[in-house]
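One structure is given below, encoded as structure tokens.
What follows is calculated from the coordinates using simple rules that are stated; it is not laboratory data. As the structure is a prediction and not an experimental result, all values here were calculated from the model. All Cβ positions, even for glycine, are placed from backbone atoms using ideal geometry, and neighbour counts span all protein chains on display.
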Amino acid sequence: MTGHGYWVVLRRGDVDLGAGFLLTGRFVVTAEHCLRDLPADERDVHVVFGDGVVRSARVQTRLPDADLTLIMLDDRSPVPAPIADVSSVDDPWRAPCRPRPTDPQLGGQVVEPETSYTCEGGAELTALQLRTDTVLGDYSGYSGGPVERIVHDGERLIGVLLEQYPDRQEPDRASNVLFAATVGEVIDRFDQLQSANLVNAFREKDSVDELISFGRQLMEGSDGWQGEAMLNLDQLASIRLHIARSVVDGAIKRKLA
Amino acid sequence: MDDAWATAIRVETVELDASGSRQIASRRRTSSPLVERRQEIEQGIRAAVEVVRSSLSASDGEDSKGWRVSSVEATFGITLAAEAGVVLSKASAEATFEVTLTVERV
């Protein structure tokens, strides 16, 4: 791995398992197949950051069908989490995490920002179909790393790199088509990352007063989430908006009932 | 074969399951001790010889008679392992062992 940032290498003993990246201050995401040499009952891994800092972590949830894994750091990382985003057709993208310093950085254009894709694990994912200008014929070592959309003031996280598509005439060689699970897909797959589960509790409140009170509690509680580096500002704003909408929607429905 | 040497020699192996070919984690070359796979290699060569013999005897006409496998030649690559020992590695893009059978009329 090269460069300093929120992307990491996952290591077990002396063996590098693959790439991953911080999604929040505590959670690291990777492709499940990067951990195929890690026994199912073994959870302890090391997370190596680009500056050489090694942190202990535990595998939280492995999803072989969706080819995604969530890992939790024992201690929060001071490295800033990325800003998550969605992409559009023809957006320029890059994969900042390279297997070795001698490997090139991948980049290209987004072909499909949200396509339905059946990954090798068998699950149907909402995926990015990417065209890469860096034609290597084999992209081994790049999976599990982040995919970023390049914008005028920096980069935005849009997915996790998972698969290459083979050249149909030479199946041993990869085409320049790559697939990545979108950030939305990652968040939907893991309960630990879903604000939706939290705000579904709104539905259980009988009265408007109870609803507003619960919403207020959540808003107050969310003040600490960013301080604890669980979420970045964008994610926090999205959750607060979701809470506010749920309160308003719930109140209207209950008034009309 | 000396026991110590036998355990130091490994043979390169591949996954038969085609799954994972689209996944792009780092690829690792896998190997097994030759002593553990020796029986399978011998069985494979015997089976190939048997296929040649039976196909010759099943053909029609005089030409099918009097043939035998006169030699078996195996080609393989050798890679020195980083720590110790050697790996019998790929002889071609696909195969670890290339086996050539020569048949001749008795």
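Just a few scattered comments:
- The stretch A:57-105-the stretch A:160-177 distance, computed between alpha-carbon centres (Å): 21
- Amide H within-cut-off set for A:Leu68, under 5 Å, with H built and near neighbours excluded: A:Glu32, A:Leu63
- Proximity of backbone amide H atoms, modeled 1.01 Å from N, is registered between B:Val103 and B:Ser70 at under 5 Å, excluding neighbours fewer than 5 places apart on the same chain.
- Chain A: most fluctuating residue of A:Asp16, A:Asp85, A:Asp153 per GNM, C-alpha cutoff 10 Å: A:Asp153
- 9 Å beta-carbon shell around B:Arg22, net charge (K/R +1, D/E -1): -2
- Across A:Leu130, A:Leu23, A:Leu241, mean-square fluctuation computed from a Gaussian network of chain A (C-alpha pairs under 10 Å connected) peaks at A:Leu241.
- Taking the Cα centre of the stretch A:92-188 as reference, the dipole from Cβ charges on Lys and Arg (+1) and Asp and Glu (-1) amounts to some 300 debye.
- Taking every DSSP helix (H) stretch of at least 4 residues in chain A, weighting each as -39,500 (n - 2.57) and dividing the sum by the residue count yields a mean residue ellipticity at 222 nm of -7000 deg cm²/dmol.
- Size-normalised alpha-carbon gyration radius of the stretch A:7-73, reference 2.2 N^0.38 Å: 0.97
- Rg/Rh ratio calculated on Cα atoms of the stretch A:54-99 (Kirkwood radius): 1.04
- Relative compactness, chain A, computed as alpha-carbon Rg over 2.2 N^0.38 Å: 1.08
- Global form of the stretch A:92-188, assessed from the alpha-carbon gyration tensor, a/c cut-off 1.5: oblate
- For the stretch A:130-170, size of Cβ-based charge dipole, Lys and Arg +1, Asp and Glu -1, in debye: 140
- For the pair A:Arg36 and A:Val111 in one chain, pulling the backbone fully straight at 0.36 nm per residue adds 24.1 nm over the alpha carbon distance.
- Averaged over the residues of peptide A:29-36, the number of Cβ atoms from other protein chains lying within 10 Å of each residue's Cβ is 3.
- Residue with peak Gaussian network fluctuation, chain A [Cα springs, cutoff 10 Å], from A:Gly107, A:Gly122, A:Gly25: A:Gly122
- Counting other Cβ atoms within 10 Å as a rough exposure proxy, the listed residues A:Leu17, A:Leu125, A:Leu236, A:Leu73 run A:Leu236, A:Leu73, A:Leu17, A:Leu125 from fewest neighbours to most.
- Per-selection metrics, the stretch A:1-151 (Cα): Rg and Dmax in Å: 15.0, 42
- Other residues within the sphere of radius under 12 Å centred on the Cβ of A:Leu157, judged by their own Cβ, net out at -1 (K and R +1, D and E -1).
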